[in-house]
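To keep things clear, I will list the structure first and then write my remarks on it.
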Amino acid sequence: MKFLSLDPSLTNTGWAAGLIDNGQVIVREIGLIESPKGKAKQVRASSDTIARCRNTWQQVQELIDHFDPNVIFAETPTGSQSANGMKSYGATCQLLACLPVIPIEVTAEQVKIAATGKKTASKADVIDWAFDLYPDMDWFFHAGKLQGKNEHMADAIAAAYAGVKTSQFRQLASMFASV
């Protein structure tokens, strides 16, 4: 079964793609979709936000067209404490709502537990876990060290590991097995 896994946000959307074989996640590729705030002064601030959302959506659509996944996993947001955070929350929910299939949603806590066994895991813990599993992927380094922006790709990998543990995935997998 082919999968695409997303850690979506307005600025950085991490993704992982690969196969699930007998419940085992096998990541083949990872990447990062970056949609930074524009530097040019816009007539409307919303124009920049719309352009960023469009950029992310177009690249996610290209991933779907390329990988043709049977299942999509996504770490879903749980809220925010700022206006900018809420803008990203809304953009993320809209992106997931527009996917051609309903994604299997996992929480940030489920992602941390799938990766490290601890719901209090740090971003660095999740990055280290993902890098240890898949050291040959296209990770970002600076001065020989893993960069923080790897968190988005690491979370996408962990979202797949969390997603295969859900009852929603088990139901989907049993439908594929009976075909």
When you check ILE50 against the structure, is it of a type outside the set (S, T, N, Q), closer than 18 Å to LEU96 by Cα, over 13 Å from the mean Cα position of the chain (by Cα) and at pLDDT 90 or above, yes or no? yes
If you go through segment 163-174 one residue at a time, do you hit one that is in a helix (DSSP H, G or I), among the small types (Gly, Ala, Ser) and touching a Gly at 6+ places or on another chain (Cβ under 9 Å)? yes
Filter segment 146-162 down to the residues that are part of a helix (DSSP H, G or I), out of contact with any Asp or Glu (no Cβ under 9 Å at 6 or more places or on another chain) and either open to solvent by 20 Å² or more (accessible area, probe 1.4 Å) or farther than 21 Å from PRO77 by Cβ (or both) and list them by number. GLY148, TYR161
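The values are calculated or read from the model by the stated rules, or taken from the named source; none is laboratory data. Fair warning: this is a prediction, and the values are worked out from it, not measured in the lab. FYI the Cβ positions are ideal-geometry reconstructions off the backbone, even for glycines, and counts take in every protein chain you see. The protein model used for the area step is the full one, side chains on, heavy atoms only, and it has no ligands, DNA or RNA in it. Shrake-Rupley method; radii C 1.70, N 1.55, O 1.52, S 1.80 Å.
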